[in-house]
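Peer 1: This is the structure, below, for whatever I ask next.
Since every read-out is calculated from the coordinates, none of them should be taken as a lab result. Worth saying up front: this structure is predicted, and the values here are computed from it rather than measured. Neighbour counts run over all protein chains shown; Cβ positions are idealised from the backbone, glycine included.
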Amino acid sequence: MTLANLFPDSAPIQPSAPEEQRADFAHIPAKPAVYLLADQGEAGDDRPLLLATVGDLRAALKRRLADMPSDAPTKRVAYGQICTRVFWRQVNSSFAANFWYARSARALFPETAEGLIPWRNSWWVAVERAGSAEHLQVPHPRFRKTNNLGDPSLTYVGPVRDKHAAQRLVESLEDLFDLCRYHQILVQAPHGKPCAYKEMGKCPAPCDGTVPLDVYHRQIAAALGFATNETRQQWKEDLEAKMRAAAGRLEFETAGRLKQRLQRAGLLDSDAFSILAPLEHFAFLTLQPGKGKPWIEPWVLHPGAGVAECLPQFHKKNLAAAAGSLAERCHELLQRPAVATFSREQSELAALVAHHLFRGENDHGIWLRLSDLRDQETASTRITQACEALLARKASKPVAEQSSDHIPATEEAPGEPAHTLDIAVAAAGDSENAAPSA
């Protein structure tokens, strides 16, 4: 992408001018933005130096372009003395800021972009895909955590908040459905030596042939249905009925074990697992704040179809018509074939979406899964209700961030978390976060 595609606006900088006159600050908006500082290369082209997001572009540039005292002990780059142009794109939400920041980082700094984008991975749980040719060649399926979404032999469920939550999910599925914990023994079936879990009654031991592998495959399928929430409620109801029946027979030890399983299943009700679904259903409509309180900026995000669209903003007085149009667009996207794997580019978009689904930078928008909007009539109603909910929310507060080029990661204040390269932009204020070129 060209600089013009990434940044619709720009202004010259005069390094030789006094710092208060280096740019036409009066015509630079005091609004949230993603911006780029550049100098002039040998060929006369604009050479990217610093990419950043801010809550107040004008104030940030005044600060960035100011001279430092000659005796000041600092490693900060004197951008005011070397930059010749500033490019920017005005944004209205943290999601828009992160989207354009990530896209710009990959286009302008391809060699170092991975280190500049903290949300570059999302975490999922995967298991061998039942019924595929690969599954017939790998008869010993197992759940594992992963951030690689490109293996066609696997079924993916997620995302989850982080890799630790993904591992907890794997362990919970193993406990709830008595799955094999030692895959190196399972692959020896039916000649494996059973582990202690068989003696404890927590594994049916397919490794030594106590149960055939097709029975074990059904256990894997049941665990997968539970993880994707397709059978979870029915599973809980059945277990509760068994627990009450055991208590009625005065089999309190059995009832206690069943109660423990229900409590363990409650782990999946926590925020870290609140958006579990198959990868094929990872597509969303998000409603983000627009250019003012009465305005809404909709985005449709369908990584599997390669779609990441910022649709035209609309005023609340046009809500009814806009909701109908959005429902139609969602319906169109739902007609596209579902994909079971993501490319690297698709995975990066999925990581950004997951970051905001888990309220990265206290995301202020509302998210609707496209698969929940299949019916156009009810979809329009749901979208209208979501828009009304967004408009009723209080404006988000500025996110206090530090610029990555002048706050070393080792100099955090006592009692405060370490500063990380986390890109955010608020609806107002002057928080800033930057990524200098390598």
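Peer 1: For labels at Met1 and Arg344 in the simple 7 Å Cα→Cβ model, what's the distance in nm?
Peer 2: Between Met1 and Arg344, the simple spin-label model gives 1.8 nm.
Peer 1: Further, regarding this structure: Working from the alpha-carbon coordinates of the chain, get Rg over Rh, Rh being the Kirkwood radius.
Peer 2: 1.06
Peer 1: Grab the beta carbon distance between Lys202 and Asp271, set R0 = 25 Å, and tell me the FRET efficiency rounded to 0.05.
Peer 2: 0.35
Peer 1: Hey, another quick one. Once both axes come from the Cα atoms, what is the angle between helix 319-334 and the longest principal axis of the chain, in degrees from 0 to 90, rounded to 10?
Peer 2: The angle comes out near 60 degrees.
Peer 1: Is segment 282-392 rounded, prolate or oblate when judged by the Cα gyration tensor, a ≥ b ≥ c being the square roots of its eigenvalues, rounded requiring a/c under 1.5 and prolate requiring a/b larger than b/c?
Peer 2: Taking the square roots of the gyration eigenvalues as a ≥ b ≥ c, segment 282-392 is oblate.
Peer 1: Express the C-alpha Rg of segment 123-273 as a ratio against the empirical globular expectation 2.2 N^0.38 Å, rounded to two decimals.
Peer 2: Taking N as the residue count of segment 123-273, the ratio is 1.08.
Peer 1: Under 25 °C and 0.890 mPa s, how fast does segment 65-114 diffuse according to Stokes-Einstein, given a Kirkwood radius computed over C-alpha pairs? Answer in µm²/s, whole number.
Peer 2: Using the Kirkwood radius from Cα pairs, D works out to 181 µm²/s.
Peer 1: Restricting to DSSP H runs of at least four residues, report the calculated mean residue ellipticity at 222 nm for the chain, -39500 (n - 2.57) per run over all residues, nearest 500 deg cm²/dmol.
Peer 2: -10500 deg cm²/dmol
Peer 1: Given axes a ≥ b ≥ c from the Cα gyration tensor, I'd like to know whether segment 78-171 is rounded (a/c under 1.5), prolate (a/b larger than b/c) or oblate.
Peer 2: prolate
Peer 1: Would you mind putting 322-331, 278-287, 234-243 in packing order, based on average other-beta-carbon counts within 10 Å, highest first?
Peer 2: Ranked by mean Cβ neighbours within 10 Å, highest first: 278-287, 322-331, 234-243.
Peer 1: Same structure again: Helix 344-357: angle to the longest alpha-carbon principal axis of the chain, degrees 0 to 90, nearest 10?
Peer 2: Value to nearest ten degrees: 90.
Peer 1: What is the packing order of peptides 82-93, 260-271, taking the mean over residues of other C-beta atoms within 10 Å and listing the highest first?
Peer 2: Going from most to least packed, we get 82-93, 260-271.
Peer 1: Which order results if Ser347, Ser104 are arranged by neighbouring Cβ count within 10 Å, fewest first?
Peer 2: Final ranking by Cβ density, sparse to dense: Ser347, Ser104.
Peer 1: Taking the Cα centre of the chain as the origin, how large is its charge dipole in debye, to the nearest 20, when only Lys and Arg (+1) and Asp and Glu (-1) carry charge on their Cβ atoms?
Peer 2: Around 1020 debye, computed over the chain.
Peer 1: Need the C-alpha centroid separation for segment 30-62 versus segment 82-108, integer Å.
Peer 2: Segment 30-62 and segment 82-108 have Cα centres spaced 8 Å from each other.
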